[in-house]
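What follows is a single structure, written as structure tokens, with notes after it.
The values are calculated or read from the model by the stated rules, or taken from the named source; none is laboratory data. Note that the coordinates shown come from a computational prediction; the quantities given were computed from them, not determined experimentally. Positions of Cβ are generated from backbone atoms using ideal geometry, with glycine treated the same way; all protein chains shown enter the neighbour counts.
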Amino acid sequence: MAQRGPVTAPLDHLLLGAPDLDSAIAWFEKATGVRPAIGGSHPGMGTRNALVSLGGRQYLEVIAPDPAQTTFNFQIDVRTLPEPRLVTWAAASHELDTVVSKARSAGLSVFGPRDGSRVRPDGTTLRWRSAGVLADFRTATVDPVPFFIAWAAGSAHPAADAPAGCRLTAFELRHPDAARLRGLFTTLAIDIVVAPAQTAEIIAVLATPNGEIRLHS
């Protein structure tokens, strides 16, 4: 069972992967009573999303292939998932360059920082910078190592106006090499529970209008 209590990890958002966005929106609404709102497309990534606030500056992003794009470059091939599942997560960072510097100093392979953006349905453009660490903890359908995101000044945080009603009450990672994964998180200054397990897994518990639900990889 995922550890209960306030979620103190530097979690910005969870990514719930799905092979089809419309079906995933309907699935989430049936499970929780909250309907995710269309966020927009990620140019060049081949994905589009829908969002739900989890309270504060945390949210859930339903991410799926964008049929309007001909390429697909997302790190997890959500097109192969049989149903919506947690595939990775993003850690909030106000000092992205410092995180990247520490990771490189520790001998880790890093991608970014790089700029990102998407246009919301109302025409507003959200902008951010992101960076990540290339590590061997990932499986075909789940990456327990987050990427880091820093929202641009002037860009509203997606949790501020995404549909409300859900709240994150527990968050945990599981991995066959839990001790080594915890060591990586110590290097990256991430405080999160990592439990030993036979397979890599991300677990989140949400309080919703329909009661408590458990999302997992």
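At a glance:
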{"item": "Set Ala140, Ala179, Ala195, Ala152: member being free of Cβ contacts under 8 Å to residues at least 60 places away in the same chain, out of contact with any Leu (no Cβ under 9 Å at 6 or more places or on another chain) and either surrounded by fewer than 17 Cβ atoms within 10 Å (Cβ to Cβ) or among the hydroxyl-bearing types (Ser, Thr, Tyr) (or both)", "result": "Ala179"}
{"item": "Selection status of Ile190, within 19 Å of Gly55 (Cα to Cα) and β-branched (Val, Ile, Thr)", "result": "no"}
{"item": "Condition met for Val62 (part of a loop (DSSP other than H, G, I, E, B) and among the hydrophobic types (A, V, I, L, M, F, W, C))", "result": "no"}
{"item": "Matching option when the condition is charged (D, E, K, R), part of a strand (DSSP E or B) and surrounded by 15 or more Cβ atoms within 10 Å (Cβ to Cβ), among Glu212, Glu172", "result": "Glu172"}
{"item": "Residue in the range 36-46 that is under 18 Å from Pro146 (Cα atoms), touching a Leu at 6+ places or on another chain (Cβ under 9 Å) and in a loop (DSSP other than H, G, I, E, B) present", "result": "no"}
{"item": "Qualifying residues in the range 111-124 (those that are within 27 Å of Pro19 (Cβ to Cβ) and either in contact with a Leu (Cβ under 7 Å, 6 or more places away or on another chain) or among the polar types (S, T, N, Q) (or both)) - the one surrounded by the most Cβ atoms within 10 Å (Cβ to Cβ)", "result": "Arg118"}
{"item": "Output for the range 113-164, where each listed residue is hydroxyl-bearing (Ser, Thr, Tyr) and assigned to a loop (DSSP other than H, G, I, E, B)", "result": "Thr124, Thr139, Thr141, Ser155"}
{"item": "Residue within the range 48-66 that is more than 16 Å from the chain's Cα centre (by Cα), surrounded by fewer than 20 Cβ atoms within 10 Å (Cβ to Cβ) and at pLDDT 95 or above present", "result": "no"}
{"item": "Ala68 vs. criteria more than 17 Å from Leu206 (Cβ to Cβ) and assigned to a strand (DSSP E or B)", "result": "no"}
{"item": "Condition broken by Val52, with the remaining ones in (1) in a strand (DSSP E or B); (2) over 21 Å from Val205 (Cα atoms); (3) not polar (S, T, N, Q) satisfied", "result": "(2)"}
{"item": "Any hit, the range 76-93, residues being surrounded by fewer than 18 Cβ atoms within 10 Å (Cβ to Cβ), of a type in the set (Gly, Ala, Ser) and in a loop (DSSP other than H, G, I, E, B)", "result": "no"}
